[in-house]
Amino acid sequence: MREYTAQLSNRGGRWRLFVALLGVPVSQWPEDGFFPGSPVPTVAERSRLLDSLGFVFTDGAEWEWTEYSERPDDDTSPVRLLASIRVCSRDGGAP
């Protein structure tokens with residue numbers, strides 16, 4: 001079973017969920033989002049969206065949140081949040 005990393009980020013007031021596929025152009029990564037202005041999606045909402053993209057959480061996987069600066073060398077820069085979790089294709093094969 002091949003594992004991938006799903007990530008959740010917020011840009012411009014919209015939460016986006018995508019699955020990073022190594023060796024595949026970013027423009028071809030499975031991706032979808034939530035309505036603009038919506039609160040942080042619940043784990044159940046994220047799970048449903050991942051399922052619609054053809055992925056499920058791996059056993060025991062938990063969301064991990066990372067904070068980063070929009071402009072790394074500027075401590076007054078807005079902070080962004082990025083959540084990630086390990087997933088696999090719903091059928092266990094390649095997406």
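The values are calculated or read from the model by the stated rules, or taken from the named source; none is laboratory data. Keep in mind it's a predicted model, so treat the numbers as computed, not measured. Counting neighbours? That spans all protein chains shown, and the Cβs are built from the backbone with ideal geometry, glycine included. Accessible surface areas use protein heavy atoms only, side chains included; no ligands, DNA or RNA. Shrake-Rupley method; radii C 1.70, N 1.55, O 1.52, S 1.80 Å.
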(message) Output needed: percent of Cα pairs per 5 Å distance bin for the chain, bins running from 0 to the one holding the longest distance.
(response) 3, 13, 23, 24, 18, 12, 6, 2, 1
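With all protein chains present, how much of the accessible area of the chain (probe radius 1.4 Å) comes from carbon and sulfur, to the nearest whole percent?
Reported share for carbon and sulfur atoms: 51 percent.
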(request) Would you work out the charge dipole size for the chain about its Cα centre, treating the Cβ of every Lys and Arg as +1 and the Cβ of every Asp and Glu as -1, and quote it to the nearest 20 debye? (result) 300 debye
(message) Running a GNM on the chain with Cα contacts under 10 Å, which residue among T66, T76, T58 ends up with the highest mean-square fluctuation?
(response) T76
(request) Using +1 at the Cβ of each Lys and Arg and -1 at the Cβ of each Asp and Glu in the chain, identify which of A83, A61, F18 lies farthest towards the dipole's positive end. (result) F18
(message) Using only Cα atoms and rounding to the nearest 10 degrees, what angle (0 to 90) does helix 43-52 make with the longest principal axis of the chain?
(response) 50 degrees
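Enter the accessible area per residue of the range 18-71 (Å², integer; probe 1.4 Å; all protein chains in place).
I get 67 Å² per residue for this part.
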